Amino acid sequence: MAFFNQFQRGVDLAKFKANQLNRVNKLQNEIANNTGEIQNIRKEIVDTVLLLYRSNSEMPTQLVQLCTQVAELEGKIKDLENTITSIRSENFDPGTAVAPIAGNEGKFCPHCKKEVPINSEFCIHCGKKI
Ligand SMILES: [Zn+2]
């Protein structure tokens, strides 16, 4: 009888632990779901604040500063993307790339980026004003 009691105790303990684990797992899943929902809401908060900032709505100074930082970074990214686009559109020109114009100290057209004579007012390549 003592053995049976001990066995029964072991079974009960295993059941108890399985039940405990099951309930903890369920709660942990729920926590994970809630945490995910918080992440979504946080993103929505950020989007809403940025929207308010862009529509010049009244906002606390701290938020305005953060939004300004985002706007500056967005501007930088746009500049960088434009630079990438212009780099990608560059054509290899061995004439200007290899032989610099005599007496030139490295003046380049701001429009087509090719080397131009130092005193020129208009680009000899694309014709635009320098
Ligand atoms: Zn040019």
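In percent, rounded to a whole number, the relative contact order of the chain is 9, using alpha-carbon pairs under 8 Å and six or more apart. Calculated on the Cα set of the chain, radius of gyration then Dmax: 34.0, 111 Å. Taking Cα centre as origin and charging only the Cβ of basic (Lys, Arg, +1) and acidic (Asp, Glu, -1) residues, the dipole magnitude of region 2-92 rounds to 760 debye. Between Leu66, Leu27, Leu51, the GNM of the chain built on Cα springs shorter than 10 angstrom shows Leu27 fluctuating the most. Between Thr85 and Leu21, the simple spin-label model (points 7 angstrom out along Cα→Cβ) gives 5.8 nm. Absence of a disulfide-compatible partner, taken as no other cysteine beta carbon within less than 4.7 angstrom, is noted in the chain for Cys67. For the chain, take the longest principal axis of its alpha carbons; what is the angle in degrees between that and the long axis of helix 2-54, to the nearest 10 within 0 to 90? That works out to roughly 30 degrees.
Here the label points at Glu72 and Leu13, each 7 Å from Cα along the C-beta direction, are separated by 6.3 nm in the simple model. Look at the dipole of the chain built from charges on Cβ: of Asn22, Met59, Ile87, the Cα furthest out on the positive end belongs to Asn22. In the chain, the longest principal axis of the Cα atoms and the axis of helix 61-88 are about 50 degrees apart.
Can you find, among Phe7, Val70, Cys112, the residue farthest towards the positive end of the dipole of the chain? Put +1 on the C-beta of Lys and Arg, -1 on that of Asp and Glu. About the Cα centre, the residue reaching furthest to the positive side is Phe7.
From its DSSP helices (H runs of at least four residues, each -39,500 (n - 2.57)), the chain gives a residue-normalised ellipticity at 222 nm of -24000 deg cm²/dmol.
Every number here is computed from the coordinates shown, using simple stated rules; none is lab data. What you see is a predicted model; the values in this text were computed from it and never measured. All Cβ positions, glycine included, derive from the backbone under ideal geometry; neighbour counts span all protein chains shown.
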